[in-house]
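**Q** My structure is below; once you've seen it, I'll send some questions.
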Amino acid sequence: AKAAGGGVYAGYRPQMRDGLIERLELESDLRGALERGELRLHYQPTVDLATHEVVGFEALVRWPHPTRGMINPLDFIPIAEATGLIVPLGRWVLHEACRQAVEWSRAAGGRPLKMSVNVSVRQFDQPDLAETVAAVLADTGMAADLLCLEMTESVLMTDTEANLEQLVRLKALGLTLAIDDFGTGYSSLAYLRRFPVDTLKIDRSFVERLGVLADDTALTDTIVRLGKSLGMATVAEGIEEFGQLAALREMGCSYAQGYYFSRPVPAAEAGRLFMEGAPV
Ligand code: C2E
Ligand code: CA
Ligand code: CA
Ligand code: CA
């Protein structure tokens, strides 16, 4: 409806329209990029805190856009989620990450390589999620026990019963399940006990302030202990400084990722890191 006076729409702001057009453009570009195979994966090492050995990688999607440059996943994953594109995109990420893991592991004489893949809460809406994962494992030859699926606490907190069933079916394939960004959501202890979760990934916001604020140190320590008492492994995200590493090791955290060890790197570089087999 036109507002009175000169064809101006009530509440209209030019940036609103620009925002919408931008989103629509990005959506159609993303669809095209996915179809043309233009998305890439970068890999960030997961390091054993006791030995500094690379035990595996987390796959992180990248979008090299022809005119906008490299687009950050935080800028296109939400669009992919809102449009449903996350389903084919997520399947591609999973397949590519598994294919790559098998290739590197073979090239390293069969040394096992753990691969972690992020799975959006939207992918849990697909009733055939477990079948899709099983098909990818079969197609790539990836050993199920070397695949870890990372999901946020929202998977436990929304559609709880349906998602629990999905997780049980995924677990039955023999893979491991991790809660990503742990500590930032609202999952309760009761949920954690009910769900077949193997690993807690301690959010970077806790690691960041380790040693700075006593409260955060206590919180991180509590998460590590919680993991232990529930029989779960803990992985710390976003380690940038030696002090953070030392504190986490002291707490008994098992694994870590972060710029201190390595940024997420393109496949060729990640492959070299793994092949060298040297502590990072
Ligand atoms: P995330 O799963 O929590 O991944 C960790 C993010 O922290 C990555 O950002 C990584 O580059 C960054 N990071 C790692 N170490 C450090 C550090 O020491 N310091 C700092 N400041 N940052 C660090 P990235 O690659 O931009 O990914 C952002 C988010 O996008 C991911 O957060 C994840 O939620 C999402 N994402 C990425 N790839 C995928 C994917 O294939 N599927 C889905 N569903 N989501 C993805
Ligand atoms: Ca993650
Ligand atoms: Ca995370
Ligand atoms: Ca995080």
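Each value in this text was obtained by applying a stated rule to the coordinates, not by laboratory testing. Quantities reported herein were computed from a predicted structural model and do not represent experimental measurements. Glycine gets a Cβ as well: all are built from the backbone with ideal geometry, and neighbour counts include every protein chain shown.
**Q** Rounding to the nearest 10 and keeping the result within 0 to 90°, find how far the Cα-based axis of helix 242-251 lies from the longest principal axis of the chain.
**A** So the helix axis and the longest Cα principal axis differ by about 60 degrees.
**Q** Compute the Rg/Rh shape ratio of region 127-202: radius of gyration over Kirkwood radius, all on alpha-carbon atoms.
**A** When Rh is taken as the Kirkwood radius, the ratio is 0.97.
**Q** Taking amide H positions as placed 1.01 Å from N in the peptide plane, with prolines and chain starts having none, which residues 5 or more places from residue 236, or on another chain, fall under 5 Å of its amide H?
**A** Amide H to amide H, under 5 Å and 5 or more residues apart or across chains, residue 236 pairs with 202, 255, 256, 257.
**Q** A further question on this structure: What translational D, rounded to a whole number of µm²/s, comes out for the chain from Stokes-Einstein when the hydrodynamic radius is the Kirkwood one over Cα pairs, at 4 °C and 1.567 mPa s?
**A** The estimated diffusion coefficient comes to 64 µm²/s.
**Q** Read phi for every residue in region 198-210 and hand back ³J(HN,Hα) as whole Hz from Karplus 6.51 cos²θ - 1.76 cosθ + 1.60, θ = phi - 60°, with x for Gly and Pro.
**A** Karplus values, whole Hz, x for Gly and Pro: 9, 9, 10, 9, 6, 4, 4, 4, 7, 4, 3, 9, 4.
**Q** Please state the charge dipole magnitude for region 195-260, taken about the Cα centre, from unit charges on C-beta atoms (+1 on K and R, -1 on D and E), reported in debye and rounded to the nearest 20.
**A** 220
**Q** In addition: Ratio to report: Rg/Rh of region 59-209, with Cα atoms as the point set and Rh obtained by the Kirkwood method; give two decimals.
**A** 0.97
**Q** Apply the Debye scattering formula to region 128-280, with a single equal point scatterer on each alpha-carbon and no solvent, then give log10 I(q)/I(0) at q = 0.11 Å⁻¹.
**A** Debye output, listed in q order: -0.49.
**Q** Let me ask something additional. Around residue 71, which amide H atoms from residues at least 5 apart in sequence, or from another chain, sit under 5 Å from its own amide H, with H modelled in the peptide plane?
**A** Correct list: 63, 65.
**Q** Round to the nearest 10 and give me the degree value, 0 to 90, for the angle of helix 129-140's Cα axis relative to the longest principal axis of the chain.
**A** 60
**Q** Quote the charge dipole size of region 227-279 about the Cα centre in Debye, to the nearest 20; the model charges only the Cβ of Lys and Arg (+1) and of Asp and Glu (-1).
**A** Working: 4 positive and 6 negative charges, 30 e Å.
Roughly 140 debye, rounded to the nearest 20.
**Q** Ok, one more. Answer with one residue from 30, 126, 166: the one whose Cα lies farthest towards the positive end of the charge dipole of the chain, charges on Cβ with Lys, Arg +1 and Asp, Glu -1.
**A** 30
**Q** Another one. Just how large is the dipole of the chain about the Cα centre, in debye to the nearest 20, putting +1 at every Lys and Arg Cβ and -1 at every Asp and Glu Cβ?
**A** 220
**Q** Using +1 at the C-beta of Lys and Arg and -1 at the C-beta of Asp and Glu, which of 223, 265, 154 has the Cα lying farthest in the positive direction of the dipole of the chain?
**A** 265
**Q** Another question, then. When a footprinting reagent is the concern and you count Cβ atoms within 10 Å, what order do 89, 146 take, fewest first?
**A** 146, 89
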